[in-house]
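Chemist: Quick one: the structure is below, questions incoming.
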């Protein structure tokens, strides 16, 4: 079961950024399930290991990892 928080009721100081802000991923984690690949943030954002997100209003944000370049592949051990 996921913990629930009322929007705007962040107990942290300074308060966590809201789910609709550009820096929403900076919110404190309140639940973490690495075996399932997700973290619930204080602002209600569900952050997935692939960098995708599910916002409290149901909006899905596609993963936003930087693209892998040929140079990065050559540098990999």
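Chemist: Evaluate region 48-65: report whether one residue or more is outside any loop (DSSP other than H, G, I, E, B), surrounded by 13 or more Cβ atoms within 10 Å (Cβ to Cβ), in contact with a strand residue (DSSP E or B) (Cβ under 7 Å, 6 or more places away or on another chain) and at pLDDT below 95.
Modeler: Yes, region 48-65 contains at least one residue that is outside any loop (DSSP other than H, G, I, E, B), surrounded by 13 or more Cβ atoms within 10 Å (Cβ to Cβ), in contact with a strand residue (DSSP E or B) (Cβ under 7 Å, 6 or more places away or on another chain) and at pLDDT below 95.
Chemist: Looking at region 13-28, which of its residues are surrounded by fewer than 11 Cβ atoms within 10 Å (Cβ to Cβ) and over 19 Å from residue 57 (Cβ atoms)?
Modeler: Listed by number, the residues that qualify are 13, 14.
Chemist: For region 13-38, give me the residue count where each residue is within 13 Å of residue 55 (Cβ to Cβ) and not in a loop (DSSP other than H, G, I, E, B).
Modeler: Looking only at that region, the number is 2.
The values are calculated or read from the model by the stated rules, or taken from the named source; none is laboratory data. Keep in mind that this is a model prediction, so the values were computed, not measured. No Cβ is skipped: glycine too gets one built from the backbone with ideal geometry, and neighbour counts run over all protein chains shown.
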